[in-house]
Amino acid sequence: MKIVVLVKVVPDTYGDRKLNLETGLADREASEAVVDEIGERALELALSYADANEGTEVVLLTLAPEGATATIRKGLAMGAGSAIHVSDQGLRGADLGLTAGTLAAAIRRLEFDLVITGNISTDGSGGMIPAMLAELLDVPHATGLSSVEISDGVVSGSRPVESGVQQVSANLPAVISITEALPSGRFPNFKGIMAAKKKPLEVLTLSDLGIIADDPEAASSIMLTVTEKPPRAAGVKIIDEGDAGEKLADFLVENRLA
Amino acid sequence: MTEFPRDAILVVVEVQGSGGLEQAAAGLLGAAAAVGTPVALVLTPPGAGSAAAAEAAVLGAARVLIVETTDPSVLGVPSVDALFAAVERVRPDAILISHSLDGRDLAGRYAARSRAAVCADAVGVARDEEGVVAHHSVYGGAYNVTSASTFGAPVITVRQGSIEARATAQPEESETLAVTPSEKPAARIDSFEEEVGASSRPELRGAAKVVAGGRGFGSQEQFALVGQLADTLGAAVGASRAAVDAGYVPQSHQVGQTGVSVSSQLYVALGISGAIQHRAGMQTSKMIVAVNKDSDAPIFEIADFGVVGDLFKVVPQLISALQARKKQ
Ligand SMILES: Cc1cc2nc3c(=O)[nH]c(=O)nc-3n(C[C@H](O)[C@H](O)[C@H](O)COP(=O)(O)OP(=O)(O)OC[C@H]3O[C@@H](n4cnc5c(N)ncnc54)[C@H](O)[C@@H]3O)c2cc1C
Ligand SMILES: Nc1ncnc2c1ncn2[C@@H]1O[C@H](COP(=O)(O)O)[C@@H](O)[C@H]1O
């Protein structure tokens, strides 16, 4: 079984995330780049399957700027067998379409059984890459899974939707995306960190994948304007002296909120 | 068959479970009506098409295309095939779909198939000289961004609960759309457990008032206090991720980066520290009230009215004070 885990390198949500107001791109100086937490959960799912099933190969795949190598090594230290890093100047500010096309081209080179992704990334909030990949790779998608079972030739799980919970299953090869209901990623141990240094990390460019960044056939999404909203200021703060509930009630009534 | 309007906005709405149109339908049609003529594509289980079409017209669809799925156990792919056929027929200026899980799958697969541009997680739409543009609220509301397609109709997914505009009802004009199946491999829905709308409380998404609780409640039993205040105020119930992880409340109530984003008139945060990821989902609310026993809790940095105190004392007193004032 070969499992490809897709992780996105994003600005740390714990930091002060900034957009460059001229280019509309993420300001990479402003905050630290980390593997999106949901990506670590996706990797954990693959690794726990590999722990229990000998002969499982776990490949990490990311499309990210040059500097992301250190972040990818962390995934190798957690236990992935190898990593592919797609990096190219032509991918600066890539929209969902170009991102999906490039990732699909990288996945196509591997003989994969299962692709695991996060349900939604914390920087883009697109939540569409998994379905786009399934379409491009011509395989089923089973997205937003809050529990997953991987067995011979089939992946299945629970899929919470608006009106209830579905139980879904797909024949492999397939693309699945998972929610944060799945366990968080393991911490790399010393042995893992040492081993990661020797694991294969392939860096690919667009031309390696035969992708043209500005294909005239494909429409792309462009940012027209970016404006920053002024940060919110703090208002009144009172310390409870036994009557704060009353005061709060007054405040809500005065503001016609109760 | 008559021609479709030249400024058609194709709105995709699905029938949910055993019920009617998905919640987002009214907002999607409301947004569409502001930038063109709303044409609805309703995707339904067998036999539910005409009821759904009537409902879509009431919500403002000038024209309705009905597609009844032949096999409701196939996940996603039939909707993509239907959307493909609908776009061929309608030639819309834009396609609006809910930013729900199924909506995102549909938008993503369709865009990949047709090589259309996607504008994801929009909180509004507008029209400029060149076409339809999407408005986004990025990084937890810290930035406003507009986006558009380089050419062709953009596929815009709209954040649930973000559109207040409603379209005026239209006389029903519907037709059944013929769809050629793509036969692409798809996952199967083996079973479905419907969540019966147990609560009479407002839906969290798009709620005007939200009362949210965090880890400070300490247990599921004590979290019931959140519901009591919510009911007193006519508010929806929200929660921090820590409260969800601790099992006080189902995940669907999570507010924040990886939960629901709300922009309510009133947001009451009880026993919530105000971690940056929580704030990302609520800081665009008009009025923020917080109760926390730690005066350094970051939630106070954005609260219009903050109370440093024990929520188990403050909240019951607040509830009885509000009830007493109601009786006056
Ligand atoms: C990628 C990522 C995504 C995330 N997404 C989300 C998200 O969507 N939503 C979210 O909420 N979090 C999210 N988080 C988690 C976030 O970082 C915090 O861990 C979480 O918000 C903390 O929840 P809390 O405030 O309830 O708990 P805590 O931080 O433990 O705070 C509890 C608060 O309760 C107060 N308290 C305790 N007892 C009382 C009492 N008797 N009276 C009054 N106050 C009391 C304490 O002073 C404390 O401030 C995310 C984290 C990551 C990394
Ligand atoms: N640039 C990327 N590199 C690798 N994986 C990605 C990338 N973008 C998105 N993904 C995967 O797709 C998931 C959903 O992302 P998105 O659709 O962008 O919200 C992420 O959790 C990742 O698993």
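The values are calculated or read from the model by the stated rules, or taken from the named source; none is laboratory data. As the structure is a prediction and not an experimental result, all values here were calculated from the model. Note that we place each Cβ from the backbone using ideal geometry, even for glycine, and neighbour counts take in every protein chain shown. Ligands, DNA and RNA are stripped out before the accessible areas are found, and what is left, the full protein with its side chains, is counted by its heavy atoms. Shrake-Rupley method; radii C 1.70, N 1.55, O 1.52, S 1.80 Å.
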Practice problem: Just the number, please: percent antiparallel of the DSSP beta bridges in chain A, rounded to the nearest 5. | Solution: 40 percent
Quiz item: Which value, in square angstrom to the nearest 100, describes the accessible area buried between chains A and B on both sides, using a 1.4 angstrom probe?
Solution: 7600 Å²
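To the nearest 20 debye, what is the magnitude of the charge dipole of the protein assembly as shown about its Cα centre, counting +1 on the Cβ of each Lys and Arg and -1 on the Cβ of each Asp and Glu? Spell out each step's value before the answer.
Values: 47 positive and 71 negative charges, 201 e Å.
The calculation lands at about 960 debye.
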Quiz item: Taking the Cα atoms only, what angle lies between the long axis of helix A:37-52 and the longest principal axis of chain A, rounded to 10 degrees?
Solution: 40 degrees
Quiz item: In the neighborhood of B:Gly124, defined by Cβ-to-Cβ distances under 10 Å, what is the net charge if each Lys or Arg adds +1 and each Asp or Glu adds -1?
Solution: 0
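Got a number for carbon plus sulfur as a percent of the protein assembly as shown's accessible area, 1.4 Å probe? Don't jump to the answer; show the numbers that get you there.
On the way: 12540 of 25080 Å².
For the protein assembly as shown, the apolar C and S fraction of the accessible surface comes to 50 percent.
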Quiz item: Along the charge dipole of the protein assembly as shown, which of B:Pro298, B:Gln257, A:Val35 sits closest to the positive end, that is, farthest toward it, with unit charges on the beta carbon of Lys, Arg, Asp and Glu (+1, +1, -1, -1)?
Solution: B:Pro298
Quiz item: Where does helix B:101-114 land angle-wise versus the long Cα axis of chain B, in degrees 0 to 90, nearest 10?
Solution: 40 degrees
Practice problem: Go ahead and collect, in residue order, the members of the stretch B:206-224 whose backbone nitrogen is under 17 Å from a label point 7 Å along the Cα-Cβ direction of B:Asp245. | Solution: B:213-220
Quiz item: Considering only the other residues whose Cβ falls under 14 Å of the Cβ of B:Gly161, what net charge follows from Lys and Arg at +1 and Asp and Glu at -1?
Solution: -1
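Per residue, how big is the convex hull of the stretch A:164-240 when only Cα atoms are used? Give it in Å³. Could you put the intermediate results ahead of the total?
Working: hull volume 33.4 nm³, N = 77.
Expressed per residue, the convex hull around the Cα atoms of the stretch A:164-240 is 434 Å³.
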Exercise. Enter the Cα centre distance for the pair the stretch A:17-34 and the stretch B:149-205, rounded to the nearest angstrom.
Key: 33 Å
Quiz item: Mind listing P(r) for the protein assembly as shown? All alpha-carbon pairs, 10 Å bins, whole percents.
Solution: 3, 17, 27, 26, 18, 7, 1, 0
Quiz item: If you average 1/r over all unlike Cα pairs in the stretch A:2-209 and invert the result, what Kirkwood radius do you get in angstrom?
Solution: 17.3 Å
Quiz prompt | For the stretch B:32-44, 3J(HN,Hα) per residue [Karplus equation, 6.51 cos²θ - 1.76 cosθ + 1.60, θ = phi - 60°, Hz, x = Gly/Pro] | solution = 5, 5, 6, 10, x, 9, x, 10, 9, 9, 9, 10, 9
Exercise. Any chance you could run the full-extension gain for A:Lys237 through A:Ala30? It's 0.36 nm times the residue separation minus the Cα-Cα distance, nm to one decimal.
Key: 71.5 nm
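Any idea what diffusion coefficient the stretch A:92-251 gets from Stokes-Einstein, in µm²/s, Kirkwood Rh on alpha carbon pairs, 37 °C, 0.692 mPa s? Display every interim value, and only then the final one.
On the way: Rh = 20.1 Å.
Estimated diffusion coefficient is 164 µm²/s.
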Practice problem: Considering only DSSP beta bridges where both residues belong to the protein assembly as shown, give the percentage that are antiparallel (nearest 5). | Solution: 35 percent
Exercise. Starting from 0 in steps of 5 Å, tell me what percent of the Cα-Cα pairs of the stretch B:8-176 lands in each bin.
Key: 2, 10, 20, 24, 22, 14, 6, 2, 1, 0
Self-check item: Between the stretch B:71-106 and the stretch B:212-245, the alpha-carbon center distance in angstrom
Solution: 36 Å
Quiz item: Which residues in the stretch B:217-244 place their backbone N less than 19 Å from a point set 7 Å from the Cα of A:Ser184 along the Cα-to-Cβ direction?
Solution: B:217-218, B:239-244
Quiz item: B:Ala169 to B:Ser191: extension gain in nm, 0.36 nm per residue of separation minus the Cα-Cα distance?
Solution: 4.4 nm
Practice problem: Report the FRET efficiency, 1/(1 + (r/R0)^6), for B:Lys313 and A:Tyr14, where r is their Cβ-Cβ distance and R0 is 35 Å, rounded to 0.05. | Solution: 0.65
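Provide the net charge surrounding B:Ala230, with neighbours chosen by a C-beta distance below 9 Å and charges set as Lys +1, Arg +1, Asp -1, Glu -1.
Details: positive: B:Arg201, B:Lys209; negative: B:Asp231.
Local charge sum for B:Ala230: +1.
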Exercise. Using a Förster distance of 25 angstrom, determine the FRET efficiency expected from the C-beta separation of A:Val154 and B:Ser252, and round it to 0.05.
Key: 0.35
Practice problem: Taking the dipole about the Cα centre of the stretch A:45-189, with the C-beta of Lys and Arg at +1 and of Asp and Glu at -1, give me whichever of A:Leu182, A:Thr56, A:Gly124 is farthest to the positive side. | Solution: A:Gly124
Self-check item: Rh (Kirkwood; distinct C-alpha pairs) - the stretch B:243-328, Å
Solution: 13.7 Å
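For the stretch B:8-176, give the magnitude of the charge dipole about the Cα centre (Cβ charges: +1 Lys/Arg, -1 Asp/Glu; no others), in debye to the nearest 20.
Numbers: 10 positive and 18 negative charges, 61 e Å.
Approximately 300 debye in magnitude.
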Exercise. May I ask what percent, to the nearest 5, of DSSP beta bridges between residues of the stretch A:108-226 are antiparallel?
Key: 60 percent
